[in-house]
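A short write-up of the structure that comes next.
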Amino acid sequence: MTETLEGTVVPPASDVDPFAVEVLLDPEPLHRDLREAGPVVYLSRYDVHALARYEQVHAALVDWQRFESGAGVGWTNFRHEKPWRPPSLLLEADPPRHDAPRRVLREILAPPALRRLRETWHAAAEEMVDRVLADGPELDAFTALAKAFPLRVFPDAVGLGPDGRDNLLPYGNMAFNAFGPLNDLVKADAHRVAELSAWVNAQCRREALSEDGFGARIWAAADRGDLTHEQAPLVVRSLLTAGVDTTVHGLSAALYAFATHPEQWQRLRERPELARVAFDEAVRWQSPVQTFFRTATTDVRVAGTVIPEGTKILMFLGAANRDPDRWTDPDQFDLARDPSGHVGFGMGIHQCIGQHVARLEAEVLLTALARRVERIELTDTPHRHPNNTLRSWASLPVRVHPAA
Ligand code: OVM
């Protein structure tokens, strides 16, 4: 860091590519380097400023006035480039436009509204775990549990029809890749953009949705005048974009954590009420959503560095969640810690609106497993699936030891 006469700090520069496949598959070394380099690092390859320390990431997340989302939360700057799809009314909007959609969806996904799902989801988890265990002790926990469970319960809760549900994960994978630069991961999806978008958009129509799901509630809010009828399908689209891959890879993170920390699994078995905290700790430890961008609405001074108006800022949520200045033994997955304050769900006005849905999925699945399984161990190297934004998985081969 160099201090100029005016007290303005020239940040360290790096030509590293945070979206290179090797980095995406193993991001922790880069996170450490960026945290240690300084509170702000200039990434020359993408002409953005990066924040990797908890203090600065947290401060940027809660300062929506100076760190806007409306120019997109990916690398693409909507002020200059056309977004790949109409911007999200939640994720890619700022107050006041952001507020009505946020209020409507928050109500629909709030804990009281989820109570009616608990019984059904609990039963679904018990049934799935019984069936998986009946198939023998060796399984791919990614495919058989982490991926299967959200797909079993969430699309029904939204009110989707039975056809084409296998488009959900590819669509989410594409949407999360699209926050990164136009690299090979984005290009690999390009041939499916039109087809997958058409399917998702069709599911957002009122006629495509059952009468008792989250989707129908969004349309009912439009009938009440809380939203316009033009906004309703876009809010449904947010559920379908942000609600599937995130939980799949978040549950994977939790299962991976327990497969590699048997003493923590023991603790969960003794106190199953820790399931929710365990999930949050897994989200802190792995940060399924690794990064998001913001755009400076004015020349913003961060720890002495001036980030120019209109430029992008890359926030490393995963690095902040393991910042040793904020967390004791940050690399340890530990149910005894209080993970609250982690930025794995973001922070501030855009903080994950579906987090209660995700926690409920995790709670019912982990408690069903904890009752029946004494130990989970890896039988082979788990495989990651590279994505520009998601810390995602391809396989999680394990052996489970059924409880007596
Ligand atoms: C959205 C949305 C919200 C959060 C994450 C996300 C693809 C999308 O509103 O569409 O990731």
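Taking all protein chains together, Asp212, Asp245, Asp163 sort by accessible area into Asp163, Asp212, Asp245, largest first [probe 1.4 Å]. Taking Cβ atoms as reference points and 12 Å as the exclusive limit, the residues near Asn177 contribute a net charge of -1, counting Lys and Arg as +1 and Asp and Glu as -1.
Taking a ≥ b ≥ c as the square roots of the Cα gyration tensor eigenvalues, with a/c under 1.5 meaning rounded and otherwise prolate when a/b beats b/c, else oblate, which class fits the chain? Oblate, because a/c is 1.5 or more while a/b does not exceed b/c. For region 242-259, backbone phi angles converted through the Karplus equation (6.51, -1.76, 1.60; θ = phi - 60°) give residue-by-residue couplings of 9, x, 10, 4, 4, 6, 4, 7, x, 5, 4, 4, 5, 5, 4, 4, 6, 5 Hz, Gly and Pro being listed as x. Close amide-amide hydrogen proximity is noted between Gly74 and Phe293, each under 5 Å apart and 5 or more residues distant or on a separate chain (H modeled in the peptide plane; Pro and chain starts excluded).
Remind me, relative contact order of the chain in percent, using alpha carbon pairs under 8 angstrom and six or more residues apart?
It rounds to 26 percent for the chain.
Under a 1.4 angstrom probe, counting protein chains only, how are Glu377, Glu361, Glu22, Glu211 ranked by accessible area, largest first?
Glu211, Glu22, Glu377, Glu361
From most to least packed by mean Cβ count within 10 Å, the peptides 56-65, 331-340 give 56-65, 331-340. Taking θ as phi - 60° and the Karplus parameters 6.51, -1.76 and 1.60, the scalar couplings of region 319-325 work out to 6, 4, 6, 10, 6, x, 6 Hz in sequence order, x denoting glycine and proline. Quick one: how many Å² of Cys352 are accessible to a 1.4 Å probe, rounded to 10? Looks like 50 Å² after rounding. Name the long-range amide H neighbours of Ile307: under 5 Å, sequence gap of 5 or more, or other chain; modelled H, no Pro or chain starts. Excluding prolines and chain starts, which carry no amide H, the hits are Val300, Arg301, Val302. The simple spin-label model puts a point 7 Å past each Cα toward its Cβ; for Arg118 and Glu195 those points are separated by 4.2 nm. Phi angles across region 198-211 convert, under the Karplus curve 6.51 cos²θ - 1.76 cosθ + 1.60 with θ = phi - 60°, into 3J(HN,Hα) values of 4, 5, 4, 4, 5, 6, 7, 5, 4, 5, 7, 9, 5, 8 Hz, Gly and Pro given as x. Rounded to 0.05, the FRET efficiency of the Arg45 and Arg106 pair, given R0 = 35 Å and the Cβ-Cβ distance, is 0.40. Taking the square roots of five times each eigenvalue of the Cα gyration tensor of region 128-185, the equivalent ellipsoid has semi-axes of 27, 18, 8 Å, listed largest first. Computed from point charges on the beta carbon alone (+1 for Lys and Arg, -1 for Asp and Glu), the dipole magnitude for region 44-195 about its Cα centre is near 560 Debye.
Considering only Pro382, Thr297, Phe258, and ranking their Cα positions along the charge dipole of the chain that arises from unit charges at the beta-carbon of Lys, Arg, Asp and Glu, the one farthest toward the positive end is Thr297.
Tally up the carbon and sulfur contribution to the accessible surface of the chain as a whole percent, 1.4 Å probe, everything protein left in place. Carbon with sulfur: 52 percent of the solvent-accessible area. Simple point charges give the picture: +1 on the Cβ of Lys and Arg, -1 on the Cβ of Asp and Glu, and for region 239-360 a dipole about the Cα centre of about 200 debye. Exposure check, 1.4 Å probe, all protein chains in place: Asp166 carries approximately 120 Å² of accessible surface.
With helices as the sole contributors, the chain gives -13000 deg cm²/dmol at 222 nm; each DSSP H run of n ≥ 4 counts as -39500 (n - 2.57), and the sum is divided by every residue.
Close amide H partners of Asn388, meaning residues 5 or more places away or on another chain with modelled amide H under 5 Å apart, are Asn177. Annotation: aspartates and glutamates with alpha-carbon distance below 12 angstrom to Lys312 (same-chain offsets under eight excluded): Asp47, Glu68, Asp299.
About its Cα centre, the chain has a charge dipole of approximately 760 debye under the convention of +1 per Lys or Arg Cβ and -1 per Asp or Glu Cβ, with nothing else charged. With contacts taken as Cα pairs under 8 Å and at least 6 residues apart, region 68-110 reaches a relative contact order of 36 percent. GNM remark for the chain: springs join alpha carbons under 10 Å apart, and the peak mean-square fluctuation among Pro95, Pro86, Pro382 falls on Pro86.
Pairs of C-alpha atoms in region 22-127 farther apart than 19 Å represent 65 percent of all such pairs.
Residues of region 1-72: accessible area per residue at 1.4 Å, in Å²?
48
The values are calculated or read from the model by the stated rules, or taken from the named source; none is laboratory data. None of the values given here were measured: they were computed from a predicted structure. Reconstructed Cβ throughout: ideal geometry from the backbone, glycine too, with neighbour counts over all protein chains shown. Remember, those area values only see protein heavy atoms, side chains included, never the ligands or the DNA or RNA. Shrake-Rupley method; radii C 1.70, N 1.55, O 1.52, S 1.80 Å.
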